[in-house]
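Every number here is computed from the coordinates shown, using simple stated rules; none is lab data. All figures in this text were calculated on a predicted structure; none of them were measured in a lab. Because the Cβ atoms are built from the backbone with ideal geometry, glycine has one as well, and the counts that use them run over all protein chains shown.
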Amino acid sequence: MAKPILIVGGGPAGLAAAHSLATFGQACLLVEKEDRLGGAPILEGYAKLVPSGEWAKDAIGGMVSRVEEAELVNVLTSTTVTSFTGETGNFTVELSNGDHVEVSASILCTGFTHFDSANKPEWGFGTYQDVVTTTQVEQMISSGNGVRCLSDGRKPKRVAILLCVGSRDRQIGREWCSKICCTVSANLAMEIREELPDCHVYIYYMDILTFGLLETKYYWRSQEEFKVKYIKARIAEVTARDGKLIVKGEDTLVKRPITIPFDLVVHAIGMDPNRDNGKISSLFGVDLEPNGFLDQASSYSSSGMTNRSGVFIAGAATGPETIDDSIAQGKAAAMAALEQRQVAARLVG
Ligand SMILES: Cc1cc2nc3c(=O)[nH]c(=O)nc-3n(C[C@H](O)[C@H](O)[C@H](O)COP(=O)(O)OP(=O)(O)OC[C@H]3O[C@@H](n4cnc5c(N)ncnc54)[C@H](O)[C@@H]3O)c2cc1C
Ligand code: SF4
């Protein structure tokens, strides 16, 4: 029987890769460092996903069950790879549980790390309890508790969502756009307005990138149907006065300073490279691109490949990606691994 293929990371990309390989009769070993599968949408407790509108626990939870039930997928949670040696078709993997496994290839689906808002101290996170992140608002909604001020549990009457926190910010070494946070924020703004119709929601933006078909469903709908207000601004700081949070900045359309009080301020945090990437890069012998994400071989003809033959990549490990694209890349990497095996078999035959 053909050796299994190692998949590292059990988020949307890794789950898609495992399902594809098993469907083609290829055994695989799925290694996940956390104690459960599902990646960021499950581990961070996302609420309704964009653009499907499905609850993360149902949509990604369904992908998890499918993989857990697949006979050809051996799932190891709370496990990491400690050594990876050999060459295409004949790799030896050492695991943190002490096991040694022979595999023919590996697909790295190790994802991203959420930006830590403490790296943007002037915007109040870590100083004021009612400055929170989009992941915290996702958790408030998915837990069924509703959106509340953390300081005293009151329903906010005014909410500001600040876009591009930890993205498109040269000052803190993060030039990339995190792709999905404009859409996620517009969606959260609508969810807040639905739950709390008396609450005013403002989105502070540099540019709005609700790309492709998402423009109508999120950007325009949030304004026209849900009365969310958009302010094009450069934010200077978030402070507090008389029990309110004060967002200070410059309205860049009218070029005037603006100071507006809020009850709750939400940071739309971006996607950082996985903090394990240095280790992953040296363990698997794959390059990092200049921002610290795992580097892909040149695109099109070598989609899903890295600089090391037999080691493939997919999903947000390669840079900010949506769930749909991470899933598509997981499937593409699975196909690339099978193609490589097919080519090797032909050469031997
Ligand atoms: C606030 C927020 C909301 C979002 N909402 C949406 C949305 O509604 N719709 C959408 O399309 N996208 C959304 N995204 C983006 C979405 O989170 C990513 O597209 C998706 O999680 C990427 O999937 P992935 O499998 O590549 O990576 P991840 O989800 O990050 O999964 C990677 C997995 O690998 C594991 N891992 C990491 N390192 C190792 C290691 N060394 N060894 C073993 N395992 C490891 C991790 O524990 C994790 O389980 C959102 C992002 C943010 C920040
Ligand atoms: S998707 Fe929007 S909020 Fe996210 S980094 Fe890009 S422009 Fe900023």
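One table, with the values for the structure above:
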item: Magnitude of the charge dipole, region 117-271, Cβ model with Lys/Arg +1 and Asp/Glu -1, debye to 20; result: 300
item: Per-residue [θ]222 nm for the chain (sum of -39500 (n - 2.57) over DSSP H runs n ≥ 4, rounded to 500); result: -8000 deg cm²/dmol
item: Region 160-255: relative contact order as a whole-number percent, Cα under 8 Å and 6+ apart; result: 23
item: Cβ-derived FRET efficiency at R0 41 Å, residue 299 paired with residue 226, nearest 0.05; result: 0.60
item: Fully extended contour minus Cα-Cα distance, from residue 195 to residue 287, at 0.36 nm per residue; result: 28.5 nm
item: Taking the chain and dividing mean pair separation by its residue count, relative contact order in percent (alpha carbons under 8 Å, at least six apart); result: 20
item: GNM result for the chain, Cα springs below 10 Å: residue of 318, 79, 216 fluctuating most strongly; result: 216
item: Reach of residue 217 by Cα under 18 Å, taken over aspartates and glutamates that are not fewer than 8 positions away in the same chain; result: 54, 191, 194, 207, 225, 324
item: Pairwise FRET efficiency - residue 127 versus residue 83, Cβ, R0 = 45 Å, nearest 0.05; result: 0.55
item: Spatial separation of Cα centroids for region 211-233 and region 277-344, in angstrom; result: 34
